1. Starting from the Cα gyration tensor of segment 1-146, take the square roots of the eigenvalues, sort them a ≥ b ≥ c, and report rounded, prolate or oblate (rounded when a/c is under 1.5, otherwise prolate if a/b is larger than b/c, else oblate).
2. Contour minus end-to-end for Asp258 and Met149, with contour as 0.36 nm per residue of separation and end-to-end as the Cα-Cα distance?
3. Quick check: pseudo-label points 7 Å beyond the Cα along Cα→Cβ at Lys345 and Ser164, how many nm apart are they?
4. What number, in percent, do you get for the relative contact order of the chain if the mean sequence gap of Cα pairs under 8 Å and at least 6 apart is divided by its residue count?
5. Please give the contour-minus-distance gain from Ala78 to Glu218: 0.36 nm per residue of separation, less the Cα-Cα distance, rounded to one decimal in nm.
6. Are there trypsin sites (Lys or Arg not before Pro) in segment 128-162 that DSSP marks as loop and that have at most 10 other Cβ atoms within 10 Å, and which are they?
7. Is the shape of segment 109-230 rounded, prolate or oblate, going by the alpha carbon gyration tensor and its root eigenvalues a ≥ b ≥ c, with a/c under 1.5 for rounded and a/b larger than b/c for prolate?
8. Normalising by the residue count of segment 1-90, find the relative contact order in percent from Cα pairs under 8 Å and 6+ residues apart.
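Values quoted throughout were computed directly from the atomic coordinates according to the rules given, and no laboratory measurement underlies them. Since the structure is predicted, the reported quantities are computational estimates derived from the model, not experimental observations. Here Cβ is always computed from backbone atoms with ideal geometry, including for glycine, and neighbour counts include all displayed protein chains.
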Amino acid sequence: MTHDVDVVVIGAGQAGLSAAYHLNRAGFAPGTGSVVLDHNLAPGGAWLHRWDSLTVEKVHGIFDLPDMALGFGELDPAARANEVVPRYFAEYERRFGLRVQRPVNVASVHETVGGRLLVDTDKGAWSARAIINATGTWEKPFWPHYPGMASFRGRHIHTAGYHSAEEFAGKRVVVVGAGASALGHLLELHGVAAETTWVTRREPEFHTEPWTEQRGREVVARVDERVRAGLPPESVVRVTGYPLTPAIQAARDTGALDRLPMFDRITPEGVLWDDGRFVAADVILWATGFRASLDHLAPLRLREPGGGVRMDGTRVVADPRVHLVGYGPSASTVGANRAGRAAVKEIRELLAPALV
């Protein structure tokens, strides 16, 4: 069975819920004018899958969804983020009647007759005039390849499979990556693991400057420049560096954040550099980030030779019916809200003749 709607939103995280809210306000009623499809079993988006030890006090911040405050500053600092945020999202869906369809797994989006887009899923198909894609990155953990990976006798694990530091008690852990997750893992593992070693391809940058609106605009502009050129977005930490908080400074003082350059190969017993340096390991924790989850859009041939999707705001240049939110400069809780509103505004203008 194929359902006809004006707009399909794929994904119900921060960006997807923001888009659904603004669609509702713009007259695209849930169920007839629009539909939100989410593959998770429950509300919460990627927050459902965050590790248990990620508490409210460890989260940089959770921006309120439109017209409904979370009250982040009033939350118990020790509360688990993977419980607090999903409850908030669930109440948001209920309060605004967003009627998210779940669990629905989107297999592909492709062109169909009459200039419409067909969204094929395991629960049927939806024919739409426009798509707002809000699938984020959590489903696509990135594993770089290094010689000897398969020979390692210890455990390989990615951030996507990390639960808490306790599972590594007494282990020698090599943490790979220069992002916020790597830093968070190292802070948690210190004093729990028998030994930690941090390796990155580039030297980490720490700063004490306060976060300002101007600095935020500069970061967004830099990421926006890349996606407008059709290049894959950069990670936020690569652009901003690490804020030197008291906890981070204390860890640096103890040597817990001493960093080594990237190793050259993996052996059965650990990691090895070409200069002969060797570090024994029981676990290699790959905090190497994620890639945008866009495989279902492959039939539309949106990717540029540079590997990314060329964007103008939230709109895909190659197909103005497709908008990506939570991608590139909108891959943050603040940016996701703005992107949802911007995407709906453009879609309303695009479809206006057909809606009269």
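1. oblate
2. 36.9 nm
3. Rounded to a tenth, the inter-label distance reads 4.5 nm.
4. RCO, the chain: 23 percent.
5. Extra length from Ala78 to Glu218 when fully extended: 47.1 nm.
6. Hits after loop and neighbour filter: Arg153.
7. Judged from the Cα gyration tensor, segment 109-230 comes out oblate (a/c at least 1.5, b/c at or above a/b).
8. Value for segment 1-90: 30 percent.
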